[in-house]
1. Applying the selection to segment 466-487, what residues are among the small types (G, A, S) and surrounded by 18 or more Cβ atoms within 10 Å (Cβ to Cβ)?
2. List every residue pair whose Cβ atoms lie under 8 Å apart, where the two residues are 6 or more positions apart in sequence or sit on different chains, the first residue falls within segment 84-107 and is more than 16 Å from L752 (Cβ to Cβ), and the second residue, located anywhere, is of a type in the set (S, T, Y).
3. Which of (1) free of Cβ contacts under 8 Å to residues at least 60 places away in the same chain; (2) at positive phi does E412 not meet, given it meets every other one?
4. With more than 34 Å from the chain's Cα centre (by Cα) and either farther than 30 Å from G251 by Cβ or not hydroxyl-bearing (S, T, Y) (or both) as the only criterion, which of V176, V191 stands out?
5. Does G604 satisfy the criteria of being more than 30 Å from R516 (Cβ to Cβ) and in contact (Cβ under 8 Å) with a residue 12 or more places away in the chain?
6. If a residue must be loosely packed, with under 14 Cβ neighbours inside 10 Å, at pLDDT 90 or above and out of contact with any helix residue (DSSP H, G or I) (no Cβ under 7 Å at 6 or more places or on another chain), how many such residues does segment 865-892 contain?
7. Out of the residues in segment 639-674 that are part of a loop (DSSP other than H, G, I, E, B) and among the acidic types (D, E), which is modelled with the highest pLDDT?
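The values are calculated or read from the model by the stated rules, or taken from the named source; none is laboratory data. Just so we're clear, the structure is a prediction, and the values are computed from it rather than from any experiment. Using ideal geometry, Cβ is built from the backbone for each residue, glycine included, and neighbour counts are taken over all protein chains shown.
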Amino acid sequence: MTMLPWPALHATHGGIWIAQADGAVRAVGRGEAIAIAAETPMILLNAPVIATRLGYGELSGLDLLELYAFLHPARFAVPTPAGMARALGLTPPESDAKAAPLLRELAAALLARIEDPDWPEREGAWSGAQALLRLRWPWASAVADRIEKPERAERWLFSRLPEWQEMPPRPQPRPVQLGEAETLDRLSRLVGKGAEPREGQRAYAAAAARAFDPRTAEGRPHMLLAEAGTGIGKTLGYLAPASLWSENADGPVWISTYTKALQRQLDRESARIFPDPALRREKVVVRKGRENYLCLLNLEDALQGGFQGRAAILAQLVARWAAYSRDGDMVGGDLPGWLPTLFRRAGSTALTDRRGECVYAGCPHYRKCFIERSARAAEGADIVIGNHALVMILAQRRREEGSPLSRLVFDEGHHLFDAADSTFSAALTGQEAIELRRWIIGPESRARGRRRGLAARLSDVASYDEEGALAIEAACIAASQLPADGWLGRLAEDLPLGPVERLLTAVRGTVYARARAADAGYGLETEAANLDAPLIEAAAPAAQALEDLIRPLARLRQRLETVIEDAPDWLDAQARARIEGALAGLTHRGQLLGAWVALLGRIGGPVDPDFVDWLAVDRVEGREYDVGLHRHWLDPTRPLAETVLKPAHGLIVTSATLRGGEEWDAAEALTGAVHLDHAPARFAAPSPFDYPSRAEVLIVTDLKRGDMAALAGAYARLIAAAGGGTLGLFTAIQRLKAVHARIADRLARDGLPLYAQHVDPIDTGTLVDIFRDDPRASLLGTDALRDGVDVPGSSLRMVVMEGVPWPRPTVLHAARRAAGGGSAHDDRVVRARLAQAFGRLIRRADDRGMFVLLAAATPSRLLDAFPPGVPVHRLTLDEAVRRVTSRLSSDASLGHQASTDILSEKA
């Protein structure tokens, strides 16, 4: 293997090491490391993380992750020395000190692959290397010197991408009824030969099959509420009847999740249904919102000079990925989650489809668009994997079009209430209003990029239809009354421009006058009740400004519909698609404006018992970023039932914790089933795991609440006692950061890496990958990790919660608490959160672990959130540490095999 001339730098919380080109390795201090890195090109792995470890603002060098992304786009690798070693077939390092020389080996191995004639991602590499050479990418010379110029000019990325094809409308699904025998036969085939039969899974599949029966009356779907404990195998339990029904009825089944992790898992499991990858791409489609996908027009702009410096390098690496990506999904798809984080301020969001800027058929890449391809592929697929928010939005749209989503499966159904709460809410804020202004008027500064307004997007319509042109002009004039660039600063200085900014200024003043001083540093809010005269007086002119905008937009929508009906000569397929896209945008924004006007109509009026209204100033660490008025349904499952549940023919809502320790009535209330005129079917199967012998709950009784030093010490001692493998959960980011700052260095010195959300410059998905890959690592996080983590095996053997996860006392929570029985409502929320957090611990029959709650005052009434029979001990911290040591410390030496198997599946 060719030896390289560059030294390598590796830094952790436990120390810093440099491996010289001559093979010498030595430990150095932070100052020396920074000085050497500033003067000498250094091989690094994840430069932003190394810079954080050094306490340095920004570090540049020969980042191995960037080289890996160039050589193997759309391939998975854990971004650590050990993870990269396994990805490249090398031996992982035995210690941090040995990681530094390994980095040089990794670099040599990667560069050697360029000369391998079987390198599968060779196409486009020469052109990409030449572009990166011009951009002075640190690896460019080494890469370009090793790539032979191809005999023929390489095809430009956009000519290599396949085009999607128009398909005829899909006919209505055939009415079929699944037999139990054929359903269980399909389940057996999916589970595989030799697999041990699970009666709970078979019963689950049989119950799920009834949700696919033909509907007997409009508005009366077959609805199944199914709670299947961890280990039942509910995924294959519903995939068996879903795939069988789709095959026999020729109709799609939409499977909705709350987390991207489950979307990925479902995508992998679909290989059991369609083992042939080509057939699977046709039959199984993952759908996400537009903002998740690479926009090819944005990418072209970036490649042709729209991006400068480091951002331009990112664009080239994303272009390499786009040529090999399965579906162009940049958020949770096959783009490595760590790639955008390598570029920090030059992030990838500018390459996705930002709100309102798509020009549809006016785009030269329209026929190759990842977003359009995904949407069309879903129309012909058997299984469509979406998320709760997208499915709810599509269900509303399809209901209005008269073609509702027929069969639905909501996995992670315990989140259905929260997803509906977000989907069916309204918020008139400065950020939302300025986005609407930009969608209508277009860019008002150079910083807005290529975004175009209505006049530019519909110029052909304006030249053809005079009334349409007048409507566009009137809409632009009316939109000028919305907040413009610099609005947030003007609000702070009490110098608003226009009626909406004056309203937001009054909102801001009211919030600061009424919000509690204890809320300093975080977002502020106050109930929209008994409002002051200045705010009430500002509402009417703002509402009038919005109504002045509604009218020309409605008139423009009518003119566009007329143009499509008249079909002039210039209206080809592309123009039609562009106008239909504009119509969809106008419809959505008309509904948004209507919700805003209704919201303002409530200002100063009587309280509507169906809604909760409040005013808010959103802040991060004391810095304001938005101001506005908010409205949520008191019970968001009411619109969920009307727009999603009732139009469906059959649906399943399922989860391992669907009831959250409560009776079925609670599940029916939280899923909207209570609003149907017939009772849903119910199914429950407890987990087959032996929780009493595999898990314990420890409640630490001698920690003083609010003592940050004691809290940090408890985390450090417990993690050390377990030998790592700990998921630490926090209810506040500030406490997470404070604990991490106090304990990360000392744990690392003992060979126990500690990672943290909101601290490490790594996306959450990648943090979980790193945690899963190393049984001695631990991870600190907030709500996103409470039930979005699937880490079987020894890598997760202890969960530590800083306290009882009580809900935040917001205006919305107070209203729902009052309506839901006071403290009983809080108890339901806490039980659900405890059950979800405990569910991270035991993922397989051979897992074992401990759940530690650092809250002496934990009420006994909440302990039924844990599985029956699980031992619960109240004890001191010293006793807890001894108990953890005796039961878990040996698990740290179990090795990587289980986690490696899981990671190889993801790859």
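1. Our first condition is that a residue be among the small types (G, A, S); within segment 466-487, this holds for 468-469, 471, 474-475, 478-480, 484, 486.
If the condition is that a residue be among the small types (G, A, S) and surrounded by 18 or more Cβ atoms within 10 Å (Cβ to Cβ), then G468, A469, A471, A475, A478, A479, A484 are the ones that fit.
2. M84/Y68; A85/T91; R86/T900; A87/Y68
3. Unmet for E412, out of (1) free of Cβ contacts under 8 Å to residues at least 60 places away in the same chain; (2) at positive phi: (1).
4. Working: V191 fails: more than 34 Å from the chain's Cα centre (by Cα).
Residue meeting the stated conditions: V176.
5. Working: more than 30 Å from R516 (Cβ to Cβ): no; in contact (Cβ under 8 Å) with a residue 12 or more places away in the chain: yes.
For G604, the condition - more than 30 Å from R516 (Cβ to Cβ) and in contact (Cβ under 8 Å) with a residue 12 or more places away in the chain - is not met.
6. Within segment 865-892, the first condition is being loosely packed, with under 14 Cβ neighbours inside 10 Å, and the residues that meet it are 868-869, 871, 876, 878, 882, 886, 890.
Next, only the ones that are at pLDDT 90 or above stay: 868-869, 871, 876, 878, 882, 886.
Now drop any that are not out of contact with any helix residue (DSSP H, G or I) (no Cβ under 7 Å at 6 or more places or on another chain), which leaves 868, 876, 878, 882, 886.
Total meeting the criteria: 5.
7. Just the residues of segment 639-674 that are part of a loop (DSSP other than H, G, I, E, B), to begin with: 646-649, 656-663, 672.
Now restrict to residues that are among the acidic types (D, E): 662-663.
Numbers: E662: 79, E663: 85.
My answer is E663.
Yes or no, residue by residue, for (1) surrounded by fewer than 23 Cβ atoms within 10 Å (Cβ to Cβ); (2) in contact with an Asp or Glu (Cβ under 8 Å, 6 or more places away or on another chain); (3) among the acidic types (D, E); (4) in the same structural domain as T257 (by TED's automatic domain parsing):
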{"residue": "R735", "(1), (2), (3), (4)": "yes, yes, no, no"}
{"residue": "R746", "(1), (2), (3), (4)": "yes, no, no, no"}
{"residue": "A756", "(1), (2), (3), (4)": "yes, no, no, no"}
{"residue": "T766", "(1), (2), (3), (4)": "yes, no, no, no"}
{"residue": "S778", "(1), (2), (3), (4)": "no, no, no, no"}
{"residue": "G822", "(1), (2), (3), (4)": "yes, no, no, no"}
